[in-house]
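Q: I am attaching a structure below and will ask some questions about it afterwards.
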Amino acid sequence: MSTSTAPVPTATAPASPPFPLGALLLLSLAVFITVTAESLPAGLLPEMVAGLQTDPLGVGMLISVWAITVIITSVPLARLTARFDRRLVAAGALAVFAVANATTALAPTYEVAVATRVAAGVAHGLFWAIVIVYATSLLAPTHLGRGLALVTAGGTVATLAGLPAGALIAQLLSWRWSFGVLAAVALILAVVIGVRLPRRVPVPTPPRERGAARADASLAPILLFAAAALVFALGQFATFTYVRPLLEVAADAPEAQVPLLLFGYGAAGLVGVAVAGPLADRWPRGSLVAVLAGLAAAFAILTAAADTPLMYVALAAWGFAIGAYFPLQQSLLMRIATDRTRTLASAGVVVTFNVGIAVGPWLGDLVGGAAHPTGATALSGGATVGALLLVAAAVLAAARARRAA
């Protein structure tokens, strides 16, 4: 098998398939459900504190234990299932996810809730490790950017609408109903994906070539992209964790204006997702570099001029960059990776991004947190510059790999 970094489809995929809108919408909805469940306890904090007889820290740990589970299990599970039909792996992961969230909804004690979050985190990590690879196998190379942008849009919509919807269900009914609704939708999606979506069975690697995977030319840029995802997530969550103090303290925004500002941030993220698709198909490298440069500039404004009207521009640029970054990086990563490394690439980015999610808030607190949020924005700006340099190094490494091939 060649170590070429030429794009994309696996040997089992059609040469030029039409744009599979229905399949991608199903996968995007599954992404929406899984990302909503990941951070749902944050939106149900008072209800879960009362229902599970714990404290706010205990509910926060339900998010942390999920992230730790994803970090530990994603890559091993992706390797373990590497020879199975991607459709069935996605459907099976969603089925386990549904059962785990249904059990969370019925959890009689806090300890049971922790155990069910671990089970859901395992399913979430496996699903995210293969969903981009599966979506890639359904797409022609010319549609890759738009297709992956549509799939990853589910995560952005989860932040904008999923958490508020879960909180509303909890207020009207119970926090248990919020998890129950997610479980029901996930189970329906598991059945539909398993029955209706196309089969995609990876081509087995011949025994004589299995050891050559370690020498695959795409590994160097993959590792650099994974490092960029880690640093990017550190920067994002070092500041986003303290976004309300940033707006209320550093920017001196009226409390009543904060929800509107956050809605604008989320709306800018949706614009970023929409724009990222066409950009990823035409100018993937330059667009990703430009997005990171714009994000670094936005954090610089939020550090030095948060109390000026430039704050509105910076907040919109921040939201836009968050929406555009993931589809741009994932489409570029899937073009660079080979059949041999594509699953590892997808799982590796999931792992490093979750490490950033876990560590970013802690670093943000160290440099100021809620009391001095501009310390966190300064850290985030530096992290974004670091991610930009790592992406540039990854692009250069991929170009060297292509020339060598």
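The values are calculated or read from the model by the stated rules, or taken from the named source; none is laboratory data. Small disclaimer: the values here were computed from a predicted structure and weren't measured. Here the Cβ positions follow ideal geometry from the backbone for every residue, glycine too, while neighbour counts run over all protein chains shown. The area values use the complete protein model at the heavy-atom level, side chains included, leaving out ligands, DNA and RNA. Shrake-Rupley method; radii C 1.70, N 1.55, O 1.52, S 1.80 Å.
Q: Is it true that Thr69 is at pLDDT 90 or above and farther than 20 Å from Ala135 by Cα?
A: So Thr69 passes the test.
Q: Give Val291, Val271 a once-over and let me know the one that is within 26 Å of Phe19 (Cβ to Cβ), open to solvent by 10 Å² or more (accessible area, probe 1.4 Å) and in contact (Cβ under 8 Å) with a residue 40 or more places away in the chain. Explain how you work it out, then say what you get.
A: Numbers: Val291 fails: in contact (Cβ under 8 Å) with a residue 40 or more places away in the chain.
Only one candidate qualifies: Val271.
Q: If you don't mind, another one. Give segment 320-356 a look and list any residue that's farther than 30 Å from Arg83 by Cα and open to solvent by 10 Å² or more (accessible area, probe 1.4 Å), or say none. Give the derivation first.
A: Applying the first criterion (farther than 30 Å from Arg83 by Cα) to segment 320-356 yields 320-324.
Correct list: Phe320, Ile322.
Q: Taking Thr36, is it in a helix (DSSP H, G or I), at pLDDT 85 or above and open to solvent by less than 50 Å² (accessible area, probe 1.4 Å)? Working first, answer last.
A: Working: in a helix (DSSP H, G or I): yes; at pLDDT 85 or above: yes; open to solvent by less than 50 Å² (accessible area, probe 1.4 Å): yes.
Answer is yes for this residue.
Q: Identify all residues within segment 238-264 that are under 19 Å from the mean Cα position of the chain (by Cα) and buried (at least 22 other Cβ atoms within 10 Å of the Cβ); write none if there are none.
A: Within segment 238-264, Ala238, Thr239 qualify.
Q: Please determine, by comparing only the residues of segment 60-100 that are closer than 21 Å to Val151 by Cβ and not hydrophobic (A, V, I, L, M, F, W, C), which one is nearest to the chain's Cα centre (by Cα).
A: Ser74
Q: Criterion first (modelled with pLDDT of 90 or more, out of contact with any strand residue (DSSP E or B) (no Cβ under 9 Å at 6 or more places or on another chain) and within 19 Å of Leu302 (Cβ to Cβ)) does Phe237 satisfy it?
A: Details: modelled with pLDDT of 90 or more: no; out of contact with any strand residue (DSSP E or B) (no Cβ under 9 Å at 6 or more places or on another chain): yes; within 19 Å of Leu302 (Cβ to Cβ): yes.
No, not satisfied.
One line per residue, one yes/no per condition, for (1) open to solvent by 50 Å² or more (accessible area, probe 1.4 Å); (2) under 25 Å from Gly269 (Cα atoms); (3) polar (S, T, N, Q):
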| site | (1), (2), (3) |
| --- | --- |
| Leu163 | no, yes, no |
| Ala170 | no, no, no |
| Trp175 | no, no, no |
| Val181 | yes, no, no |
| Ala186 | no, yes, no |
| Arg200 | no, no, no |
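Q: Quick check: is even one residue across segment 11-28 within 27 Å of Thr103 (Cα to Cα), open to solvent by less than 20 Å² (accessible area, probe 1.4 Å) and either at pLDDT 85 or above or touching a strand residue (DSSP E or B) at 6+ places or on another chain (Cβ under 8 Å) (or both)?
A: yes
Q: Still on this model: Among the residues of segment 150-199, count how many are of a type in the set (Gly, Ala, Ser) and outside any helix (DSSP H, G or I).
A: Within segment 150-199, residues that are of a type in the set (Gly, Ala, Ser) and outside any helix (DSSP H, G or I) number 1.
Q: Of (1) at pLDDT 80 or above; (2) open to solvent by 10 Å² or more (accessible area, probe 1.4 Å); (3) hydrophobic (A, V, I, L, M, F, W, C), Ala158 satisfies all except one. Which?
A: Single failed check for Ala158: (2).
Q: Using beta carbons and a limit of 8 Å, which pairs, at least six apart or on different chains, have the first residue in segment 367-394 and surrounded by fewer than 24 Cβ atoms within 10 Å (Cβ to Cβ) and the second one hydrophobic (A, V, I, L, M, F, W, C) and not in a helix (DSSP H, G or I)?
A: So the pair list comes out as Thr374/Ala306; Gly375/Val367; Ala378/Val367; Leu379/Val367.
Q: Test each condition in (1) part of a helix (DSSP H, G or I); (2) within 30 Å of Leu126 (Cα to Cα); (3) open to solvent by 20 Å² or more (accessible area, probe 1.4 Å); (4) modelled with pLDDT under 85 for Arg403 and report the one that comes out false.
A: Of (1) part of a helix (DSSP H, G or I); (2) within 30 Å of Leu126 (Cα to Cα); (3) open to solvent by 20 Å² or more (accessible area, probe 1.4 Å); (4) modelled with pLDDT under 85, only one is false for Arg403: (2).
Q: Here's a follow-up. Where the second residue is of a type in the set (Ser, Thr, Tyr) and open to solvent by less than 50 Å² (accessible area, probe 1.4 Å) and the first is farther than 22 Å from Leu45 by Cα and lies in segment 169-193, which pairs have Cβ atoms under 9 Å and are six or more apart or on separate chains?
A: From residues that are farther than 22 Å from Leu45 by Cα, the pairs are Ala186/Thr34.
Q: Also, quick follow-up: For segment 359-379, indicate whether the set of residues that are among the hydroxyl-bearing types (Ser, Thr, Tyr), within 19 Å of the chain's Cα centre (by Cα) and under 19 Å from Leu234 (Cβ atoms) is non-empty.
A: There is no residue in segment 359-379 that is among the hydroxyl-bearing types (Ser, Thr, Tyr), within 19 Å of the chain's Cα centre (by Cα) and under 19 Å from Leu234 (Cβ atoms).
Q: I've got another one for you. Where in segment 42-125 are the helices (runs of 4 or more DSSP H), entirely inside, with at least 3 residues that are open to solvent by less than 10 Å² (accessible area, probe 1.4 Å), in contact (Cβ under 8 Å) with a residue 40 or more places away in the chain and among the aliphatic types (A, V, I, L, M)?
A: Answer list for segment 42-125: 56-80, 86-106.
Q: Let me ask something additional. When segment 305-319 is examined, which residues are found to be open to solvent by 30 Å² or more (accessible area, probe 1.4 Å) and at pLDDT 90 or above?
A: Leu310, Tyr312, Val313, Ala316, Ala317
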